[in-house]
Amino acid sequence: MDGDLPQHPPLKENTVRTSILALAGLCTALLAGSLPAEAQKPAAKAPAKAGAKPTAKYDESKLAALEAKLKKSPNDARLKSEVAEASYQVGYYIEYQKAGLSPREKYRPALKLYRRALELNPQHAQAKKEKEQIENIYKQMGMPIPQ
């Protein structure tokens, strides 16, 4: 029987243990925000729209002003769409471009903004993709997804 099975060299227990410990340490460091800023930056992503990343048309103050307008005119479809896009863009900025934030400090507010974008425009594909990505990061770390 043994002659029928291919023989593979046994894995060294220390190699496997070292790999697992290194991965666990990296996960812990990311959550704690203790890695250097360069190591916390995500790899280059595929652009969201036709080869370009979101433009910096909106910032947090413009988003706040748009939200105030929407409160006064909650049925304005064009304004809802604009607030959804602004929420996505500000979330993207916080997640990928705002300097000096640990992953914990950027994922929560970005997730909240992506959810807001989807609340106003359930068809917003980029917001959906980014929201799912952050939720998957929390799942992979075995942590509860912030609400």
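The values are calculated or read from the model by the stated rules, or taken from the named source; none is laboratory data. What you see is a predicted model; the values in this text were computed from it and never measured. Ideal geometry is used to build each Cβ from the backbone, glycine not excepted, and the neighbour counts take in all protein chains shown.
Structure notes:
- Annotation note: of 30, 63, the sole residue that is modelled with pLDDT under 90 and either more than 13 Å from residue 120 (Cα to Cα) or of a type in the set (D, E, K, R) (or both) is 30.
- Verdict on residue 123 being farther than 22 Å from residue 62 by Cα and modelled with pLDDT of 95 or more: yes
- In region 88-143, residue nearest to the chain's Cα centre (by Cα) [restricted to those that are of a type in the set (S, T, N, Q), surrounded by 17 or more Cβ atoms within 10 Å (Cβ to Cβ) and under 22 Å from residue 74 (Cα atoms)]: 89
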